[in-house]
Every structure is written in structure tokens, then in C-alpha cells.
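Quick note: the coordinates plus some simple rules give every number you see, no bench work behind them. Since the model is a prediction, treat every value here as computed from it, not as a measurement. Ideal geometry is used to build each Cβ from the backbone, glycine not excepted, and the neighbour counts take in all protein chains shown.
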Amino acid sequence: MATFKTRRLLITRLSSDDVGFVMTMEADPEVMRYTTGVVAPTPSRRKEVLAYVDSAPHEGPGHWRVELQGKPIGWISLTPLESTDRFQLAYRFAKVFWGNGYATEAGAAILDYAREVLGLSECVALVWPDNNASTHVLSKLRFQYEGSSVYYGNDVNVFVRALDV
């Protein structure tokens, strides 16, 4: 199972222990502002997230928990982008941890994994318009603006990063 240690973070595969934390972030309007929207923490949603986590592969692309000093602070993922042959980097962090470079640090680790282990030549990221913080993270990770498109029923900006660089 791919686990990463960075200077400050431990990044491990999401597990059933993380479902409550994921649901707490999904219910936070600030965290979900530039996403597909707030998701109520219902019993059926818990079941859905748990089923996803339990069925997710332990190797290759997927979702990881990002931990700081033994506590979850967010998640990061590398997953196939719908209707394409590309892989996307995505991340979500609890608001209290914004602005500390954690998304950049975790993103760099996942991009190294994508290049060195999975052999990917590029990675994309989708950003809702006006999400300047994520655009800034991606620029620090050397992503370039590719254009606008529609994914998940929303207008998004598409960024791409060549991984051979």
C-alpha cells in the first residue's frame, strides 16, 4: 500500500476510520464552496462513502488521507478523469488547515508517485472559477492553465502538469 512521508505530513490510503472526517468536510459550506456542493452527513451518505472506501484498491491511483501530527487534516486523490484517458489530482482540507502549504506538500508527493511508480506522463487538475487558492497551489506545483471545460456538471478551469519535468 502506497504511503508517503513528507517533511510534515503522513499520507496513507483512506480507510473506514476516515469516513466521519470526510463527511464533516463535505458538510462544511466553506470547504465545499468550490466543489460540487455541500453533502449532508446522512446515514445513507455514510454507507455510500464507507462502501467506496472499502472497495477502493490499495495500490495504484486512489484517495489518501493527509495527516499532521497523528490527526487527519484532509484528503488528496489521483483518479481517472471522467470520459478521458487522463488522471486528475484533487484535494480537500479542513478549513483550519488552509494557507499552510499542506496541499502543495501533499500534491508534490502524489505527483512524484504518479511519475515514478505509475509511470504517468501528465496529470490534470480541475478548478472552479474564482478558486484562487487552488489555482495558486497548482502554480506552485508547476501546473499550466490548459483551458475551460465542463466536468461534473460545472464550468471548470483545466490545468495540466507534464510529469517528465
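If we count other beta carbons within 10 Å of each Cβ, what is the order of H58, H63, fewest first?
If I rank by nearby Cβ atoms, fewest first, I get H58, H63.
To make sure I understand, if each residue's beta carbon is the centre and we count other beta carbons within 10 Å, what order do M25, M32 fall in, fewest to most?
The fewest-first ordering by Cβ neighbours comes to M32, M25.
Can you give me the long-range amide H partners of R13? Hydrogens built in the peptide plane at 1.01 Å from N, cutoff under 5 Å, separation of 5 or more residues or another chain.
R65
Based on the Cβ-Cβ distance of T3 and T79, what FRET efficiency does E = 1/(1 + (r/R0)^6) give at R0 = 25 Å, to the nearest 0.05?
The value I calculate is 0.90.
Any idea how far the Cα center of the range 41-78 sits from the one of the range 88-132, in Å?
A separation of 15 Å, based on Cα centres.
Determine the relative contact order of the range 4-120: mean sequence separation of Cα pairs under 8 Å and six or more apart, normalised by residue count, in whole percent.
For the range 4-120, the relative contact order is 26 percent.
Let me have the 222 nm mean residue ellipticity of the chain computed from DSSP H runs of 4+ only, each contributing -39500 (n - 2.57), with the sum over all residues rounded to the nearest 500.
Helix-only estimate at 222 nm: -8500 deg cm²/dmol.
Only residues of the range 38-65 count here: report those whose backbone N is under 15 Å from the spot 7 Å along Cα→Cβ of N154, or say none.
Zone members listed by number: 38-40.
Express the Stokes-Einstein translational diffusion coefficient of the range 4-120 in µm² s⁻¹, to the nearest whole number, given a Kirkwood radius over alpha-carbon pairs, 10 °C and a viscosity of 1.306 mPa s.
107 µm²/s
Does anything in the range 1-40 have its amide N under 13 Å from the 7 Å Cα→Cβ label point of R46, and if so which residues?
Backbone N within reach: 17-24.
With the Cα gyration tensor of the range 124-163 in hand, give its eigenvalues times 5 under a square root as the equivalent ellipsoid semi-axes, listed largest first in whole angstrom.
Each semi-axis is √(5λ); the values are 17, 12, 7 Å.
Can you put S148, S139, S83 in order, fewest other beta carbons within 10 Å first?
S83, S148, S139
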